[in-house]
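Reading through the structure tokens given below for one structure.
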Amino acid sequence: MATLIAASLVHGACSGEGPAGKSPSVVEPRRPAQEGDAVPTTGPALIQERILISSDRGELTAELADNEASRRLVQMLPVTIEMRDHLRQEKTGRLPAPLPELPRQTGFAAGTLGLWGNDDFVIYYREGRVPQPGIIILGRVTGDVSILDRPGPVLVRIQRASAPVERHRP
């Protein structure tokens, strides 16, 4: 486990820069998480709200964290976001409006939904760490997040899972 933690990825802001505009340090990425891998059990409590994330690569369901940022995210749904790959560990894209500031953390597991800054929505498909100030945890994917582990951008539609499913059209 110590080796796993020591091999964590470090990255800068989703803009590609670290604090104060410095280039981030990067460690070689590791394999995507797979079913049965240990996932940290600490973090915000999850609420019953579920969202559906769909793209031409497939669909993912996620459970949202019980916090004001997640509740505000639900209020802006449905939303379509152009997401780009960042450091071969995540897909990131801008939300149409900022979300509230909350306590942040630097570690994340594969499947974590996070917020970098106040409007960069992030889906992590590998385990790792970010520099301070960290990310706000929005929730976690309950399906196979490895469908996002491909280079290049992807257009995703995020909507309430209880809403009628609107299929993504490329």
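An oblate overall shape is assigned to segment 76-168, the ratio a/c of its alpha-carbon gyration tensor axes (a ≥ b ≥ c) being 1.5 or greater and a/b not exceeding b/c. For segment 89-163, the set of GluC sites (Glu not before Pro) satisfying both a DSSP loop assignment and a count of at most 16 other C-beta atoms within 10 Å is given as GLU101. Count Lys and Arg as plus one, Asp and Glu as minus one, and take only other residues whose Cβ is under 9 Å from that of THR92; the net charge is then 0. Averaged over its residues, segment 64-140 has an accessible area of 37 Å² per residue, based on protein heavy atoms and a 1.4 Å probe.
Kindly rank 152-161, 113-122 from highest to lowest mean number of other beta carbons found within 10 Å of each residue.
Those peptides, ordered most packed to least, come out 113-122, 152-161.
The values are calculated or read from the model by the stated rules, or taken from the named source; none is laboratory data. For clarity, every value in this text was computed on a predicted model and none was experimentally measured. Heads up, the Cβs are rebuilt from the backbone with ideal geometry, glycines too, and the neighbour counts pull from every protein chain shown. Ligands, DNA and RNA are stripped out before the accessible areas are found, and what is left, the full protein with its side chains, is counted by its heavy atoms. Shrake-Rupley method; radii C 1.70, N 1.55, O 1.52, S 1.80 Å.
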